[in-house]
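Below is one structure; the comments refer to it alone.
The values are calculated or read from the model by the stated rules, or taken from the named source; none is laboratory data. Small disclaimer: the values here were computed from a predicted structure and weren't measured. Cβ placement follows ideal geometry from the backbone for every residue including glycine, while neighbour counts extend to all protein chains displayed.
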Amino acid sequence: MSREDYEVVIGLEVHAELSTKTKIFCSCPTEFGGEPNTHCCPICMALPGTLPVLNEKVVEYAVRAGLATNCEIEQNSKNDRKNYFYPDLPKAYQISQFDRPLCKKGSIEIENEKGEKTVIRITRIHIEEDAGKLNHDEFGGGSLVDLNRAGVPLIEIVSEPDIRSSAEAENYLRKLKSILEYIEVSDCKMQEGSLRADVNVSVRKKGETKLGTRTEMKNMNSFRSIVRGIEYEIDRQIDLIEDGGVVEQETLRWDDVSGRTFSMRDKEDAQDYRYFPDPDLVAIRLSDEYIEDIRKTLPELPESRRERYMEEYNLTERDANLLTASKYLSNLFEQTTTICGNAKASCNWILSDISRILNEKELEPNQIPFTAEHLAEVIALIEKGTISSAIAKKVVEELFENPTSPSKIIEEKGWIQISDEGAIKEVVLQILQANPQSVADYKAGKEKAIGFLVGQAMKETKGKANPQMLNKMFVEEINKM
Amino acid sequence: MEIYELTVHELLEKLDKKEITKEEILASYQNRINEKEKDVQAFVTITEQEAKEEIKQKANNPSKLAGIPIGIKDNICTKGVKTTCASKMLENFVAPYDATVMEKINEAGMVSFGKLNMDEFAMGGSTEHSYFKKTKNPWNLNKVPGGSSGGSAAAVAAGMVPWALGSDTGGSIRQPASFCGIVGLKPTYGLVSRFGLVAFASSLDQIGTLTKDVKDSALLLNVIAGHDEKDSTSADREKEDYTKALKNDVKGLKIGVPKEYFGDGINTEVKEAIEKVIEKYRQLGATVEECSLDVADYALATYYIIACAEASSNLGRFDGIRYGYRTKNYENLKDIYRNSRSEGFGAEVKRRIILGTYVLSSGYYDAYYKKAQQVRTLVKNEYAKNFAKYDVILTPTASNVAFDIGSKINDPLEMYLADLCTVPVNIAGLPGISVPCGLNSEGMPIGFQLIGKPFAESTILNAAYTYEQNTDFRKNKPEFKN
Amino acid sequence: MQVSKEEILHIAKLANLNLKEEEVDTYMGHLEEILNFANIVNKAPIDGLEETIGVNEAYNVFRKDEIIESLNRDELLQNAPEAQEGMFKIPKVIN
């Protein structure tokens, strides 16, 4: 049997750090980085005698996330302790939620590879605290514990096993990321680990209704590794089954360098987390009014923006989709369009050159260093004829390195388009003199010869000459000859 | 009368009348510690020298309690002074912060004379489970002072501090108070902040007072009670002046006496003493009726399930990484965890961690922990039923008087069963006070317990005060018998 | 209530405690004895009763999302058995 005979079943547990100012149970900053153990206090270091007090924003943000993903909100919720020992977990328990998560039974809609809409159900969203970090001591051969991240608030979003391919998994995660960014509850910086996913993968023969044994890849923090990891696991599991083996339920670590997964834990260390309600915290009871107040403050979400772009700016569904997939791209588009008044051009620049550069540089849209004003100015400069679109591409490249006024860039680089007739005529005459064969060709009816001449002229002027003017002037001059 | 024999309110009167000075108070207690500590062994850390300096610094503090000494149970965090929980695990631990109650004590200008011995991590009822020393009962040095706040009770009874703070998870203030012939008050859960109290069982722990008489309890409760934003379980209520509740009048007070606390488990001399208390209350104009609180056994079982479950989780943080004892014997992380914990905790602590881990573990949670949480509701309901009829409930504090050191240490279950009268109060989060009511034939103190409705400290304080003012038991003094 | 040796060793492992060979029986005996007593909760008339979660009736006790400066790192690390570069040092952990 081959891969086509198997169905892939994937579920994601996504952890998103919430963008609150302070930690979930103490008043320390959540800011990323900083000298080790400087965003800490007796509470997040779990000194004896200290007690947690829940940050009100954490509840609010989790409810926002729940509402934006069509969840039911649990109106009588609580915090539970999940007990296990690890050096990055100072209390030896993580305060999380067990049987009454704040949100449950949600869903989001994504597109599958065929471009069809499909619904991925969300089992639950709960709040919990992040753990600290272990650094390796380069000299002493030990590990060093930094608790700056311990107690940073997280929501864990658990999907049902509704995902059927690595591409769907990527689309699901992109969609989720985009929603969390839109509702401003997480900055979703995957490179800083503020958005990461545990990926559960299993396979089963097509037609089989029972789920296969799943493996879990922990802490994946790029789309690329998620896709590669899933593909690897699908192949590994199918090969195993085809060879008469069995998939074992285990936790895996994906290694990007070797492109394979490794088993993470001793099997003998079967975990028993001994969940129980945290007696240091009190119940969370959310009124209808509280929930409705949050619902009212939800911003416009991607779906409705997409519809609006198609209507208001006449964008194609594809373009509207691509733009609204990211809050940052979408905001850049709207702001640029408001300034320059040219939606088509804004959209094209963002979806072609800017997206290409992001891809090449492996950047996320929120890392675009320049502003809508800058992009709007580039568009205006083209419209005025100050620069050609060829130059404009170079300006945009330059904006990624040096986010400053485009006028300043073209002036500094000397990229202003030559539209002065005298100067253009001088170049045209010079090129005609150097290329008599092309002149002859044109006269003999080969119109393409003009293209060659214009090309030569552009080369001579390093792309700054106005191509329309060149074209016109070559024809005029040859006709005079 | 010597200064160290006076209650705090008597000290305050004399200070007010300029009959004594703060320096004399300090000197009197220092002498007393020098004289008696070698016999009683109540302190883990003595800070009387620091106290001298502190008194000078606080000379201008306008608080009326400025300069009054106090002793602190060694599970309450004190900035810059060791907080050991009487455990090898925390032998050298110095908290970089003050517990909320310590902030209040300091604000009131009081000076701590040191940290008082206890059962390790407050687990036990005899103070024999201290890693450092066995505290003796000032009435008879061969007997235990009770526990876990045994050091606090013994120090107050011996006159080494005028009063002390303790903590009570299942009777740890009331039982040693009863064993040492003093007054012990466990406030309603949530009345006093737990921030800075090293947790044993978070849903049961409560800081309270050990004092020579009831008026001092009210005075000290005035200092430590109050809402604290750092403790989510702290009650947000208006402050009361508990001394105003002391009216020396119980006419019309309705007292219920549950028959379940007069069974075989209770010593005959204790029962007789309680009968006399009942008689006294009747004479003073209170109505006393027998009632039923048929949850005693359930409550005790529930207590050990919940307390140990919470403790097993609360004590996970002692892992040899950030503070506390670290084994010398390690090669890897696992060794640090297991050896530090195995060497750093005493037998009783380990016993409770194992029980707590067991009842929370997969497959047993529903049979034990979940049931215990339901029983807890049952116990609360039973109390509520009784409080619909009665203002206070009266029981013995302990099933017997203080026992001989070493006589029960190998029988944990028997030790646990002795907490029969005090434990249900913590299960329901109610206030309870133990008041001396005589001596048995061997001259050991007996105490009775008054239990009130949630936050009805005023009611039980007044009932206790009225009894105390109309009897002479508070005048008994320990004899340091050998 | 019978507790097997495997069970007590598993529990000790979860709690990160070593039990010496000679301790196992003592702890096992105590655990059995206490569990036998604790089993009485299964006879309590608790049908239909909610679990008590939190002793008092309080709910929604929240903190404002405002940064409060805390102690400096030296104070927070003053009790560490071993520290280096402002961090707690432990034997190498390979993940």
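Of the residues contained in segment B:188-208, one or more are found to be out of contact with any helix residue (DSSP H, G or I) (no Cβ under 9 Å at 6 or more places or on another chain) and surrounded by 24 or more Cβ atoms within 10 Å (Cβ to Cβ).
Residues are listed down the side, and each one gets a yes or a no for (1) at the interface with another protein chain (Cβ under 9 Å from one of its Cβ atoms); (2) modelled with pLDDT of 95 or more; (3) surrounded by 17 or more Cβ atoms within 10 Å (Cβ to Cβ):
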| site | (1), (2), (3) |
| --- | --- |
| B:Arg282 | no, yes, no |
| B:Ala286 | no, yes, yes |
| B:Cys291 | no, yes, yes |
| B:Asp294 | no, no, no |
| B:Leu300 | yes, no, yes |
| B:Ile305 | yes, yes, yes |
| B:Ala309 | yes, yes, yes |
| B:Ser312 | yes, yes, yes |
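If a residue has to be in a loop (DSSP other than H, G, I, E, B) and within 21 Å of B:Leu65 (Cβ to Cβ) to count, how many in segment B:150-184 make the cut?
Qualifying residue count, segment B:150-184: 6.
Among residues of segment B:247-272 that are at positive phi, those with a beta-carbon under 6 Å from a residue that is modelled with pLDDT of 95 or more and among the hydroxyl-bearing types (Ser, Thr, Tyr) at least six positions away or on a different chain give the pairs B:Asn248/B:Thr466. Taken over segment A:365-396, the criterion of being within 28 Å of A:Asn221 (Cβ to Cβ), in contact (Cβ under 8 Å) with a residue 40 or more places away in the chain and surrounded by fewer than 17 Cβ atoms within 10 Å (Cβ to Cβ) is satisfied by A:Asn366 alone.
Looking at B:Ser399, is it among the polar types (S, T, N, Q) and within 11 Å of chain A (Cβ to nearest Cβ)? Explain how you work it out, then say what you get.
Details: among the polar types (S, T, N, Q): yes; within 11 Å of chain A (Cβ to nearest Cβ): no.
Judged against the criteria, B:Ser399 is not a match.
Within segment B:329-336, not a single residue is of a type in the set (D, E, K, R) and crowded, with 19+ Cβ neighbours inside 10 Å.
Any residue at all in segment A:220-230 that's within 28 Å of B:Lys334 (Cα to Cα) and either hydroxyl-bearing (Ser, Thr, Tyr) or assigned to a loop (DSSP other than H, G, I, E, B) (or both)? Break it down stepwise before answering.
If we filter segment A:220-230 for residues that are within 28 Å of B:Lys334 (Cα to Cα), which is where we start, we get A:220.
Checking which are either hydroxyl-bearing (Ser, Thr, Tyr) or assigned to a loop (DSSP other than H, G, I, E, B) (or both) leaves us with none.
Taking every residue of segment A:220-230 in turn, none turns out to be within 28 Å of B:Lys334 (Cα to Cα) and either hydroxyl-bearing (Ser, Thr, Tyr) or assigned to a loop (DSSP other than H, G, I, E, B) (or both).
Sub-6 Å Cβ pairs linking a first residue in segment A:293-321 that is of a type in the set (Gly, Ala, Ser) to a second residue that is assigned to a helix (DSSP H, G or I) and surrounded by 13 or more Cβ atoms within 10 Å (Cβ to Cβ), at least 6 apart or interchain, are A:Ala320/A:Arg306; A:Ala320/A:Tyr309; A:Ala320/A:Met310, ordered by first then second residue.
Might you let me know whether segment B:426-442 holds any residue that is within 21 Å of the chain's Cα centre (by Cα) and in a helix (DSSP H, G or I)? Write out each step before concluding.
Taking segment B:426-442 as the starting set, the residues that turn out to be within 21 Å of the chain's Cα centre (by Cα) are B:426-439.
Those still in the list that are in a helix (DSSP H, G or I) too: B:426-427.
Yes, some residue in segment B:426-442 is within 21 Å of the chain's Cα centre (by Cα) and in a helix (DSSP H, G or I).
Counting only strands (runs of 3 or more DSSP E) wholly contained in segment A:119-167, the ones carrying 1 or more residues that are without any contact (Cβ under 8 Å) to a residue 24 or more places away in the chain and over 23 Å from C:Ile67 (Cα atoms) occupy A:133-136, A:142-146.
Whether any residue in segment C:20-39 is in a loop (DSSP other than H, G, I, E, B), more than 25 Å from A:Arg285 (Cα to Cα) and either within 8 Å of chain B (Cβ to nearest Cβ) or among the hydroxyl-bearing types (Ser, Thr, Tyr) (or both) is what I want to check. So far as segment C:20-39 goes, no, none of its residues is in a loop (DSSP other than H, G, I, E, B), more than 25 Å from A:Arg285 (Cα to Cα) and either within 8 Å of chain B (Cβ to nearest Cβ) or among the hydroxyl-bearing types (Ser, Thr, Tyr) (or both). Listed conditions (1) in a helix (DSSP H, G or I); (2) over 19 Å from B:Ile266 (Cβ atoms); (3) aromatic (Phe, Trp, Tyr) are all met by B:Tyr416, apart from (2).
Being buried (at least 16 other Cβ atoms within 10 Å of the Cβ), in a loop (DSSP other than H, G, I, E, B) and touching a helix residue (DSSP H, G or I) at 6+ places or on another chain (Cβ under 7 Å) is a property that holds for A:Arg274. With respect to (1) within 14 Å of chain A (Cβ to nearest Cβ); (2) assigned to a loop (DSSP other than H, G, I, E, B), the lone exception for B:Ile207 is condition (2). Scanning segment A:413-449 for residues that are touching a Ser or Thr at 6+ places or on another chain (Cβ under 9 Å) and in a helix (DSSP H, G or I) yields a total of 6.
Whenever a residue of segment B:129-148 is hydroxyl-bearing (Ser, Thr, Tyr), its partners that are part of a strand (DSSP E or B), lying with C-beta atoms within less than 9 angstrom and at least six residues away or across chains, give the pairs B:Ser130/B:Val44; B:Thr135/B:Phe43; B:Thr135/B:Leu116; B:Ser148/B:Lys73; B:Ser148/B:Gly166; B:Ser148/B:Ser167; B:Ser148/B:Asp168. One residue stands out among those in segment A:71-83 that are buried (at least 16 other Cβ atoms within 10 Å of the Cβ) and part of a loop (DSSP other than H, G, I, E, B): the one that is nearest to the other protein chains (Cβ to nearest Cβ), which is A:Lys78.
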